[in-house]
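Trainee: For reference, the structure I am asking about is given below.
Readers should treat all values here as calculations from the given coordinates under stated rules, not as data from a laboratory. None of these values were measured; they are calculated from a predicted model. We place every Cβ from the backbone using ideal geometry, glycine too, and count neighbours over all the protein chains shown.
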Amino acid sequence: MPGLCWSLSMIPRMKTDWSLHARRLRRLLGVRQVIADPARCKTYAGDKWFAAREPDLVVLPRHTADVSRLMRYASRNRLDVTPRGAGHGYVGGCVPVRGGIVVSLERLNRIREVHAGDFVAVVQPAVLTKSLQDAVEKAGLYYPPDPASRADCSLGGNIATNAGGPRCLKYGVTRDYVLGLEVVLPDGAVCRLGSRCHKNKTGFDLHRLFVGSEGMLGIVTEATLKLLPLPPFRVCLGVGFANAHAATRALTAIFSAGFLPCALEIADQFTLAAARKRTGSRQLEGCNAMLFVELDGQEASVRGELRKLERILRGYKPRFVNRAVGAAQVEQLWGLRREFSYSLRDTGLTKLNEDVVVPRSRLEDLFKLAARLQRRHRLPVACFGHAGDGNIHVNVMVDYDARGAKRRSEKCLDELFKQVIRWGGVVTGEHGIGLAKKPWWKLAAPKEVRALHQTIKTALDPSGILNPGKFLG
């Protein structure tokens with residue numbers, strides 16, 4: 001939270017001669033690959049969260065060999081290194097907590113291969129997610145993971161956090177599409193893990209160990225990703241309800257009828273009120289909950305499913321049912337869903353975006369909890385997100401100029417996370433732990449699990465130089 005920006009400045013920097021290291025690294029990597037100017041370094045200080053710390057140096061590698069040389073040098077000299085993708089994280093995962101070196105992978109931005117016969121793409125980490133999707137769809141192929149920031153976030157960052165998105169209900173998250181990785185370890189060793197085959201049981205699934213590792217175990221310099229055939233037809237329904245109870249009952253009915261939508265999203269009253277104000281939509285007046293349901297596949301079967309789905313949903317007396325048929329109309333309907341975050345920002349309040357996940361049966365309980373938190377802590381709470389898999393973005397909206405707001409927001413988050421854990425849920429489904437959720441790491445993971453994490457970290461990074469200061473220290 002905003003107060004953490006100040007607290008990071010209290011963490012001492014390493015006592016070292018950074019001008020000396022800058023000169024040596026320029027000889028090792030090239031003059032243009034090393035930035036020491038404080039003004040330029042400052043632009044690599046943080047992500048979309050509230051904490052920031054200026055690094056002492058920034059390195060911009062051009063090749064895997066550059067990353068390897070950097071890590072060998074850093075390992076010998078025990079220099080902290082924080083990997084960075086596009087900087088679109090939401091938990092402070094790429095903040096260089098103790099200063100040191102930020103290694104930005106922005107120049108490793110090529111799509112090396114799209115192979116229609118093998119159904120794979122080989123990419124460097126700085127390729128934007130949407131850029132890959134556009135490229136493979138031209139070949140009639142499909143890369144499903146679709147985080148909301150897909151036009152701005154990088155595939156390397158998606159791998160580091162195991163990003164999801166609306167389509168993960170049917171198709172799975174980033175981990176399910178990573179067939180192989182090229183990874184530079186903290187000591188500079190380069191490992192090629194996995195393969196381009198869609199099935200592989202040769203030893204441990206080591207490449208998956210690095211998916212979701214938040215840059216603490218190694219630096220991904222290339223990824224081999226699984227592709228699917230592009231579904232030829234899409235439809236979507238936007239369904240408004242008078243209350244969240246009706247929406248969650250309708251959601252349960254969708255699954256009970258045997259449907260597995262491509263995406264199934266939900267939004268609450270506060271979110272829709274903000275969207276109504278931003279978009280001017282009269283249809284959203286009196287709408288206190290909304291579902292977005294997308295189906296894809298072969299046209300004949302999808303049209304048949306659409307008719308059955310509409311009959312089910314109309315049984316729950318919706319205020320309206322908007323139908324989108326074909327890719328162009330579907331994208332237009334999803335445009336409203338993509339306005340939600342911007343609508344909440346328009347309120348002028350600070351949005352604390354918490355990506356909790358609860359078992360599906362607890363979805364209505366989560367909405368009730370959000371309403372209680374709003375009353376108890378006198379803070380607006382907006383909920384929307386991936387209802388199909390229980391991953392709801394609970395947004396605590398804070399006016400930090402108001403008296404006691406910071407303390408109330410901290411208590412609100414603490415109560416939220418503790419209740420989610422008691423229900424068997426988890427504190428993060430997409431964004432990672434980073435700095436934002438570090439205070440709840442011990443609650444979220446039993447001591448045996450924390451010890452296992454530390455054992456793996458120590459085995460790969462005995463000096464603790466890679467992305468230090470996060471939940472593993």
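Trainee: Can you work out ³J(HN,Hα) from phi for every residue in the stretch 152-167, in order, using Karplus 6.51 cos²θ - 1.76 cosθ + 1.60 and θ = phi - 60°, giving whole Hz and x for Gly and Pro?
Mentor: So the Karplus estimates, Gly and Pro as x, are 10, 8, 9, 5, x, x, 4, 5, 4, 10, 6, 4, x, x, x, 6 Hz.
Trainee: What order, most packed first, do the peptides 59-65, 236-242 have when packing is the mean number of other Cβ atoms within 10 Å of each residue?
Mentor: Per-residue mean Cβ counts within 10 Å order the peptides as 236-242, 59-65.
Trainee: Moving on to the next point. For the Cα atoms of the chain, what angle does the longest principal axis make with the long axis of helix 327-338, in degrees from 0 to 90, nearest 10?
Mentor: 80 degrees
Trainee: Next question. With +1 assigned to the C-beta of every Lys and Arg and -1 to the C-beta of every Asp and Glu, and no other charges, what is the dipole magnitude of the stretch 375-473 about the Cα centre in debye, to the nearest 20?
Mentor: Here the stretch 375-473 has a charge dipole of around 500 debye.
Trainee: Can you give the relative contact order of the stretch 111-229 as a percent, counting alpha carbon pairs under 8 Å and 6+ residues apart?
Mentor: Reported relative contact order: 31 percent.
Trainee: Given +1 on the Cβ of Lys and Arg, -1 on the Cβ of Asp and Glu, and no further charges, what dipole in debye does the stretch 209-334 carry about its Cα centre, rounded to the nearest 20?
Mentor: 720 debye
Trainee: Taking the Cα centre of the chain as the origin and placing charges on Cβ (Lys, Arg +1; Asp, Glu -1), which of V127, L435, G188 is farthest toward the positive end of the dipole?
Mentor: L435
Trainee: To continue, here is another question. Please state the equivalent ellipsoid semi-axes for the stretch 2-104: what are the square roots of 5 times the Cα gyration tensor eigenvalues, largest first, in whole Å?
Mentor: 23, 15, 11
Trainee: If you don't mind, another one. Got the relative contact order for the chain handy, in percent, Cα pairs under 8 Å and 6 or more residues apart?
Mentor: Here the relative contact order equals 15 percent.
Trainee: By a straight-distance test (C-alpha under 23 Å), which lysines pair with K442 as possible cross-link partners, with residues fewer than eight away in the same chain excluded?
Mentor: K442 reaches K406, K411, K418, K457, K470.
Trainee: In addition: Taking the chain as the reference, fit the longest principal axis to its C-alpha atoms, fit the long axis of helix 269-279 to the helix C-alpha atoms, and give the angle between the two in degrees, 0 to 90, nearest 10.
Mentor: 80 degrees
Trainee: Ok, one more. Against the longest principal axis of the chain, how steep is helix 405-422, in degrees 0 to 90 to the nearest 10, with axes from Cα atoms?
Mentor: Orientation of helix 405-422: about 80 degrees from the principal axis.
Trainee: When a footprinting reagent is the concern and you count Cβ atoms within 10 Å, what order do Y142, Y90, Y400 take, fewest first?
Mentor: So the ranking, lowest neighbour count to highest, is Y400, Y142, Y90.
Trainee: What's the lysine pair count for the stretch 84-231 at a Cα cut-off below 21 Å, pairs eight or more apart or interchain?
Mentor: 8
Trainee: Between I456 and R407, what is the label-to-label distance in nm when each label sits 7 Å out along the Cα-to-Cβ direction?
Mentor: Calculated label separation equals 3.9 nm.
Trainee: If we sort 404-417, 449-462 on the protection proxy, mean other Cβ atoms within 10 Å, highest first, what's the order?
Mentor: Result, highest mean Cβ count within 10 Å first: 404-417, 449-462.
Trainee: Limiting things to C-alpha atoms, what are the Rg and the maximum Cα-Cα separation (Dmax) for the stretch 111-229, in angstroms?
Mentor: 13.2, 40
Trainee: Find which of A324, T279, L108 sits farthest along the positive direction of the dipole of the chain, computed with +1 on the beta-carbon of Lys and Arg, -1 on that of Asp and Glu, about the Cα centre.
Mentor: Of the options given, the answer is T279.
Trainee: What's the center-to-center distance, using Cα atoms, between the stretch 391-452 and the stretch 337-390 in Å?
Mentor: 13 Å
Trainee: If you place +1 on the Cβ of every Lys and Arg and -1 on the Cβ of every Asp and Glu, how big does the dipole about the Cα centre of the stretch 279-379 come out, in debye to the nearest 20?
Mentor: For the stretch 279-379, the charge dipole is close to 580 debye.
Trainee: Based on the mean of other Cβ atoms within 10 Å per residue, sort peptides 304-315, 191-202 so the most packed one is first.
Mentor: 304-315, 191-202
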